[in-house]
Amino acid sequence: MAKILVTGGLGFIGSHTVVELINAGYEPVIVDDLSNSNVKILDQLTKILGRKPIFHQLDLCDEAGVKQLLSAEPDIDGIIHFAAFKAVGESVEFPLKYYRNNFYSLINLLNTYYSKPVNFVFSSSCTVYGQPDQLPVTENASVKPAESPYGNTKQIAEEILKDMIASGGSRYKVIALRYFNPVGAHESALIGELPVGVPQNLVPFVTQTAIGKREKITVFGNDYHTPDGSCIRDYIHVVDLAKAHVAALKLMEQESFTGYDVFNIGTGKGTSVLEIIDAFERSTGEKLNFVIGPRRPGDVEQVWGDVTKSTNVLGWKTELDIDTMMASAWAWEKYIANNPL
Ligand code: NAD
């Protein structure tokens, strides 16, 4: 059974990917320092999977610790590298914290497994596109100057990976997946997104408002050049996103795949903030208290991905719709309210 190191495997996307890896016959090995997750997610995964996944608690910035990981886990066939800090606003306030964590962890990992034939999946982001000139945005679109230190870590990490492959020195194959906006939760409602403090993303804010943790939700601007005036994003169910990682590993297992490639991972459809609110109310029967506020600085007006390449080359596409995303996010919010971790 191919062993896949899943860094950040107790986080939001990582935990869902662990489930899909096991469903697809892989053996995931989770590495997480719990800086933005909870060790009880391991118990939740055990409930879903019927057995406890392998777990190493480790900060990947600790070079000696990563070397020890190599001794403990020498036979790794693939790495899915989720571990990173991801809060855009915090990265503006504390850029060094972001550059340190997101680069040290990546470089330690790459150095340590450098001589091994490893299939490496990197968590990139549609933030690399900024406000694209053309929609839907394709992988060939020019990468805009990053809007935040967080976005910059994704752009530079892609460059690091490309340079490493171009040097010919390593035995890696690399796929960077540019995620659009992951939302929703596993159908069991046993795992989902665990935002720390005030959620930065729309859907956790929606569910926390509906459950009464937040008084109301503010829609940041209804005067954008979009059909209903609110911002548009490409929301993707986290389970569909998790399956894209399995597809990426399968592609790299083919001898014909060499080097480095990048794929958009979204639905190919844009949904506005007001449409999300509507879908939430429709699929859950809950009424949301929302107000229209001013635009939020730094928000891109609209972005959604062209997923032709991921459909044709990766052989992957999304299956779950917006209503399923909302209903599953709501089921998770209710579960966590009744069963705090
Ligand atoms: P998350 O914070 O839920 O998961 C990241 C996990 O990595 C956490 O469990 C955290 O404890 C762990 N981690 C962080 N630094 C670490 C370190 N130095 N050593 C070991 N573990 C460490 O985030 P997520 O939403 O699951 O995102 C996963 C990846 O996807 C990140 O790289 C993120 O930048 C990227 N991404 C996320 C989104 C999104 O909207 N969620 C969008 C695009 C890209």
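The values are calculated or read from the model by the stated rules, or taken from the named source; none is laboratory data. Computed from a prediction, not measured in an experiment: that's the story for all the values here. When we count neighbours, we look across all protein chains shown, and the Cβ atoms used for this are built from the backbone with ideal geometry, even at glycine. Side chains are part of the model used for accessible areas, which takes the heavy atoms of the whole protein and leaves out ligands, DNA and RNA. Shrake-Rupley method; radii C 1.70, N 1.55, O 1.52, S 1.80 Å.
Mind putting together the pair-distance distribution for the range 61-193? All Cα pairs, 5 Å bins, whole percent per bin, short to long.
Cα pair-distance distribution for the range 61-193, in percent: 2, 9, 17, 20, 18, 16, 12, 5, 1, 0.
Which one of 9, 82, 325 has its Cα pushed farthest toward the positive end of the charge dipole of the chain, where Lys and Arg give +1 and Asp and Glu give -1 at the Cβ?
9
Once you have the Cα-Cα distance between residue 24 and residue 167, take 0.36 nm times their residue separation minus that, and quote the gain in nm to one decimal.
Net length gain for the segment: 48.2 nm.
Nearest 10 degrees, 0 to 90: what angle lies between the long axis of helix 40-49 and the longest principal axis of the chain (Cα atoms)?
So the inclination is approximately 80 degrees.
HN-Hα J couplings of the range 28-38 from phi, Karplus 6.51/-1.76/1.60, θ = phi - 60°, integer Hz, Gly and Pro as x?
My calculation for the range 28-38 gives x, 10, 7, 10, 7, 9, 6, 5, 9, 7, 10 Hz in order.
Under a crude label model (7 Å from the Cα following the beta-carbon direction), how far is residue 1 from residue 114 in nanometres?
3.2
So for 180, 55, what's the accessible-area order with a 1.4 Å probe, most first?
The ordering from most to least exposed comes out as 55, 180.
Give me the Kirkwood hydrodynamic radius of the range 1-121 in Å, from all C-alpha pairs, to one decimal place?
One over the average 1/r among Cα pairs gives 14.6 Å for the range 1-121.
What do you get for Rg/Rh over the range 190-249 if you use C-alpha atoms and the Kirkwood form of Rh?
Computed over Cα atoms, the ratio is 1.06.
Mind pulling the angle between the C-alpha long axis of helix 238-253 and the longest principal axis of the chain? Nearest 10 degrees, somewhere in 0 to 90.
For helix 238-253, the angle is close to 30 degrees.
Taking the 0 to 90 degree range and rounding to the nearest ten, how far is the long axis of helix 149-167 tilted relative to the main principal axis of the chain, both from C-alpha atoms?
Orientation of helix 149-167: about 30 degrees from the principal axis.
About its Cα centre, how strong a charge dipole does the range 198-269 have in debye, to the nearest 20, once Lys and Arg get +1 and Asp and Glu get -1 at the Cβ?
Taking the Cα centre of the range 198-269 as origin, the dipole is about 340 debye.
For the range 287-332, build the convex hull from the C-alpha positions and give me its volume per residue in Å³.
Enclosed volume per residue, from the Cα hull, is 148 Å³.
For the pairs 173/317; 67/334; 144/334; 3/213; 47/309, note any where the Cα-Cα span goes beyond 31 Å.
Result: 67/334; 144/334; 3/213; 47/309 exceed 31 Å.
Using the C-alpha gyration tensor of the chain, what are the square roots of 5 times its eigenvalues, in whole angstrom, with the largest one first?
Each semi-axis is the square root of five times an eigenvalue, giving 31, 23, 19 Å.
Report, in deg cm²/dmol and to the nearest 500, the calculated mean residue ellipticity at 222 nm for the chain, where each DSSP H run with n ≥ 4 adds -39500 (n - 2.57) and the sum is divided by the residue count.
-12000 deg cm²/dmol
Place a +1 charge on the Cβ of each Lys and Arg in the range 199-319 and a -1 charge on the Cβ of each Asp and Glu, then give the dipole magnitude about the Cα centre in debye, rounded to the nearest 20.
300
For residue 97 paired with residue 338, estimate the spin-label separation in nm (one decimal), with each label point 7 Å from Cα along the Cα-to-Cβ line.
3.5
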